[in-house]
Amino acid sequence: MFYMRFAGRVLALFAAVCIFCTASGCLGASPMPSGGGGITPVDLPEPEGLTLAEALAELELLGAEGGLNVSGTSLHQVIGNRVNLEGRASSWTMGLLDADGGRWLTIGVSGWQEISLPAPIPPEELNMTEVLSPEEILAMHEDEIQAALERLNANTVDIVLAGGAYTVTARSDAGMETLVFRADTGEVDV
């Protein structure tokens, strides 16, 4: 007898939940997206990016505020990822050396972070006051770089500053083109 009353209550509760869900629409068929179904892509605006000077200023500010200890380090390599022709990158990565060895720091959408990168850091220290900025290199060689971008159907480049040279690489599914310039004068480096 107890079992039948309990089963009846469970069935009544189940029926009430089904009626509620049907009435509220949560059990109804989902309408198909107008694009034919599947996953609908969401186009988010690209972040504006930072120039190298802005990234270095952010790093200096972060170090001054105690957020990241960069005292006693020297800058040896800079890598700009997805850099537009105005010199704004989606991220900058810095190869630093200190008494404990090499460290890689990167700044992007989520701010500065220390990362693990299995790449050697060049031994030559960069003196940023003696080299041209990425914006200056890109402006000096805009025609050459723009031509490479058009051939590859790309709109950004990757930039590496190390060993006294800027290496500018345009890449896409169609291929890759690399241009090398002296960091101090901007002249083509063969």
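Gain in length, Val190 to Glu58, computed as 0.36 nm per residue apart minus the alpha-carbon separation, to one decimal in nm?
My answer for the length gained is 44.2 nm.
Any chance you could run the full-extension gain for Arg151 through Asp100? It's 0.36 nm times the residue separation minus the Cα-Cα distance, nm to one decimal.
That pair, Arg151 and Asp100, stretches by 14.0 nm at full extension.
Which GluC sites (Glu not before Pro) in segment 54-115 pass both tests, a DSSP loop state and at most 13 other beta-carbon atoms within 10 Å?
Values: sites: Glu54, Glu58, Glu60, Glu65, Glu86, Glu114; in loops: Glu65, Glu86.
Those that pass, being in a loop and sparsely packed, are Glu65, Glu86.
Please report how far the C-alpha centroid of segment 116-133 lies from that of segment 50-89, rounded to the nearest whole angstrom.
Here the answer is 12 Å between Cα centres.
Grab every C-alpha pair in segment 72-182, bin the distances at 5 angstrom width from 0 up to the longest one, and report whole percents.
P(r) over segment 72-182, rounded to whole percents: 2, 12, 22, 22, 19, 14, 7, 2, 1.
Summing Lys, Arg as +1 and Asp, Glu as -1, what charge do residues with Cβ under 15 Å from the Cβ of Arg103 carry, Arg103 excluded?
Taking every Cβ under 15 Å from that of Arg103, the sum is -4.
For segment 142-189, compute Rh as the Kirkwood radius over C-alpha pairs and then the Stokes-Einstein diffusion coefficient at 4 °C and 1.567 mPa s; write the answer in µm²/s, rounded to an integer.
Details: Rh = 10.9 Å.
Once the numbers are plugged in, D ends up at 119 µm²/s.
What order do you get for Leu161, Leu62, Leu96 when you list them from fewest to most C-beta neighbours inside 10 Å? It would help to have the intermediate numbers written out before the result.
Details: Leu161 27, Leu62 17, Leu96 20.
Exposure proxy ranking, most exposed first: Leu62, Leu96, Leu161.
Taking the Cα centre as origin and putting +1 on Lys and Arg beta-carbons and -1 on Asp and Glu beta-carbons, what dipole magnitude results for segment 92-190, to the nearest 20 debye?
Once rounded to the nearest 20, the dipole reads 320 debye.
No lab work stands behind these numbers, since they all come straight from the coordinates. Keep in mind that this is a model prediction, so the values were computed, not measured. Reconstructed Cβ throughout: ideal geometry from the backbone, glycine too, with neighbour counts over all protein chains shown.
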